[in-house]
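Heads up, the thing below is written out as structure tokens.
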Amino acid sequence: MVVKKKVILDCDPGHDDALAIVLACAAEELDLLGITTVAGNQTVDKTTRNALRVLALIGEEVPVACGAERPLICELVTAPEVHGETGLDGAELPEPAFGPREKHAVEFLICTIRSSPEPVTLIPTGPLTNVALALRLAPDIAERIERIVLMGGAAREANATPAAEFNIYVDPEAARIVFTSGIPITMVGLDVTNRALLTPEEIEGLARGGPVRRTFARLLRFYATANERLLGIGGAPLHDPLAVAAVIDPAVLVTEPLYVEVELCGEHTRGATVVDLYRVSGRSPNVDVALDLDLRRFKELVFWALERVDRRG
Ligand code: BDR
Ligand code: CA
């Protein structure tokens, strides 16, 4: 019998978050306890609605809790240029089949982690606001979190500013709280996620599949076009699904334990993850940093998940 890993996905859908939801729902290895939403790619009302619409598309009923509407300290920055005005432009999705829980995402995280019989793995794929607030409000949950496998940051790359990746840039103070929490962390950053690319041909291949795959083909066309226009990336970088895949099958990543700091005050580098790649600081590693990936294995998982939800529909 497969022992399912208990996970919570904290996300800001977002095209790649949407596919992360599909992967988390489809994987037999995971017991998805809930989805919490946060402001990031769009405002939190939109990211929550998008999470619910993706669940309606794939016919899943997972608890959804709506979270922080802005970062801890700074103003919210969203990414309509990448994800559109709805946060999930490019395809018509069904209306939500149910509403979000009454509980705030932070309360949901705390209660779910405290009441879980086994430690929980958190998979944040948006700004870390909810996770940081939960750790501040209920520090006792830290020892019940097995690991945080987050999409964010980078050792060598950036996308929101010349120095910073979007999720960390949106709420660097929250990221600092999470990175200094002492909880085991895997950082799935742009060094690997920019290589987790679905090619235009693979996206067109989805258009020949069932209804879920056809919807994702439309979504990913929009997302790939935006990535090409803004960053010169030829295809759809599946940032967030790679974090989920790493929990399903850790062999999709090669990681190294390294010392990482989140830059808060740099004049030009706020939100950067400063990774001690050459171990010159003398500081003990605090993060397992993803530096390489098994692209074939990752894509097999993504295609398998999409086919699976299509077959169920
Ligand atoms: C991250 O930023 C968002 O736009 C994506 O959803 C992903 O989580 C990539 O930098
Ligand atoms: Ca995201």
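For the residues 272, 243, the requirement of being closer than 15 Å to residue 156 by Cα, out of contact with any Phe, Trp or Tyr (no Cβ under 7 Å at 6 or more places or on another chain) and buried (at least 24 other Cβ atoms within 10 Å of the Cβ) singles out 272. For region 1-51, the tally of residues that are within 16 Å of ligand 1 (Cβ to nearest atom), part of a loop (DSSP other than H, G, I, E, B) and not small (Gly, Ala, Ser) stands at 6. Note on region 1-22: residues that are more than 19 Å from residue 146 (Cα to Cα), buried (at least 23 other Cβ atoms within 10 Å of the Cβ) and either away from ligand 2 (no atom under 13 Å from the Cβ) or basic (Lys, Arg) (or both) amount to 1. In the condition set (1) farther than 23 Å from residue 194 by Cβ; (2) without any contact (Cβ under 8 Å) to a residue 60 or more places away in the chain; (3) within 16 Å of ligand 2 (Cβ to nearest atom), residue 129 is compliant with all but (2). Here is the figure for region 159-184: residues that are more than 16 Å from ligand 1 (Cβ to nearest atom) and touching a strand residue (DSSP E or B) at 6+ places or on another chain (Cβ under 6 Å) total 4. Filtering region 59-101 to residues that are more than 19 Å from residue 221 (Cα to Cα), among the aliphatic types (A, V, I, L, M) and under 20 Å from the mean Cα position of the chain (by Cα) leaves 62, 64, 65, 68, 72, 76, 77. Of all residues in region 300-311, those being under 12 Å from residue 206 (Cβ atoms) and not aliphatic (A, V, I, L, M) number 3.
Once region 114-126 is narrowed to residues that are touching a residue at least 40 places away in the same chain (Cβ under 8 Å) and more than 28 Å from residue 77 (Cβ to Cβ), the residue that is farthest from ligand 2 (Cβ to nearest atom) is 118. Scanning region 55-91 for residues that are surrounded by fewer than 22 Cβ atoms within 10 Å (Cβ to Cβ), touching a helix residue (DSSP H, G or I) at 6+ places or on another chain (Cβ under 8 Å) and either assigned to a strand (DSSP E or B) or not hydrophobic (A, V, I, L, M, F, W, C) (or both) gives 59, 60, 61, 63, 69, 70, 81, 84, 86, 89, 90. Output the residue which, of all residues in region 138-164 that are of a type outside the set (D, E, K, R), outside any loop (DSSP other than H, G, I, E, B) and more than 16 Å from ligand 2 (Cβ to nearest atom), is farthest from the chain's Cα centre (by Cα). Selected residue: 139.
Just so you know, all these numbers are worked out from the coordinates, no wet-lab data involved. Just so you know, these numbers come straight off a predicted model, no measurement behind them. Ideal geometry is used to build each Cβ from the backbone, glycine not excepted, and the neighbour counts take in all protein chains shown.
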